[in-house]
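Right, one structure below, let's go through it.
Quick note: the coordinates plus some simple rules give every number you see, no bench work behind them. Bear in mind that the values here come from a model prediction, so they are computed numbers and not experimental data. Cβ placement follows ideal geometry from the backbone for every residue including glycine, while neighbour counts extend to all protein chains displayed.
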Amino acid sequence: MLRPFKEFLEKKGLKAGDQVVYYGCPGTCTPFVELLGFAVRGMALEQVFVPYVDESKAQHLKLVSDIGMQAAGAAGIRNPKAVVVMGGLSMPNVPVEVDQVRNAVDKYRDAALIGICFMSMFQKTGWLKELEFDLLIDATINPVEVWM
C-alpha cells in the first residue's frame, strides 16, 4: 500500500511544503497514518493527522530520528493537495458518520481524495457510494496465527 500511495502523490505533482491531511481514528488508524507518512518522508510534505473529523485537534506529523513519524503539536489545515480518509472511520461503533466525513473533505475540492482501508471496509459499509476517491487502496490481511 505504501508504494502506490507514494507513486500517486508523485504523479499528482505534490512538492515540498504541500499539505497532506489524514482523517482517521485515534489509536487504530494512527499507526497506519504514521507508516504512510514515513513512506513519503523524502517528499518533504507537510503532513497533518486529524482525529475523527475534529480539525481543531489536528496534529503535525514529523519525522523523529530512529523512531519514525510522530504527532508533534497542533496544526492548521490550509489548502491541502491531498486528503486521506482512513477506513477505520467507517467501522461499526466509531462515532463518525459518512456525512461528517463528506462535509469535512468537501471543503477541499481541489485536493486529491484518497481512501485507505482494509478488508473492503468502505465497500461493506456503503461508503463507496458516498465518497468518490481519486485513489482507493484496499489492503487484505491474511488470517493471524498465534503461537504460544
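Starting at the first residue of the stretch 104-113, write each ³J(HN,Hα) from the Karplus equation 6.51 cos²θ - 1.76 cosθ + 1.60 with θ = phi - 60°, in whole Hz, x for Gly and Pro.
Result, ordered by residue: 5, 7, 5, 5, 10, 4, 7, 7, 5, 9 Hz.
Could you work out [θ]222 nm for the chain from helices alone, using -39500 (n - 2.57) per DSSP H run of at least four and dividing by all its residues? Round to the nearest 500 deg cm²/dmol.
-6000 deg cm²/dmol
Roughly speaking, what % of Cα-Cα pairs in the chain are separated by over 19 Å, rounded to a whole number?
Counting pairs separated by more than 19 Å, the tail of P(r) holds 49 percent.
Cα-based count: Lys pairs in the stretch 2-139 below 16 Å, eight or more positions apart or different chains?
For the stretch 2-139, qualifying lysine pairs total 6.
Excluding Val48 itself, calculate the net charge of residues whose Cβ lies under 11 Å from the Cβ of Val48, where each Lys or Arg counts +1 and each Asp or Glu counts -1.
+1
Could you let me know the centre-to-centre spacing of the stretch 108-129 and the stretch 8-65, using Cα atoms, in angstrom?
So the two Cα centres are separated by 16 Å.
Quick check on packing: order 138-147, 33-42, 121-130, 81-90 by the mean number of other C-beta atoms within 10 Å, highest mean leading.
In descending order of packing, they fall as 81-90, 33-42, 121-130, 138-147.
Using a Gaussian network model of the chain whose springs link C-alpha atoms within less than 10 Å, name the residue from Asn93, Asn79, Asn103 with the highest mean-square fluctuation.
The residue that fluctuates most here is Asn93.
Give me the distance in nm between label points sitting 7 Å out from Cα along the Cα-to-Cβ direction at Ala139 and Asp110, one decimal.
About 3.1 nm, to one decimal.
Just how large is the dipole of the stretch 69-125 about the Cα centre, in debye to the nearest 20, putting +1 at every Lys and Arg Cβ and -1 at every Asp and Glu Cβ?
Roughly 140 debye for the stretch 69-125.
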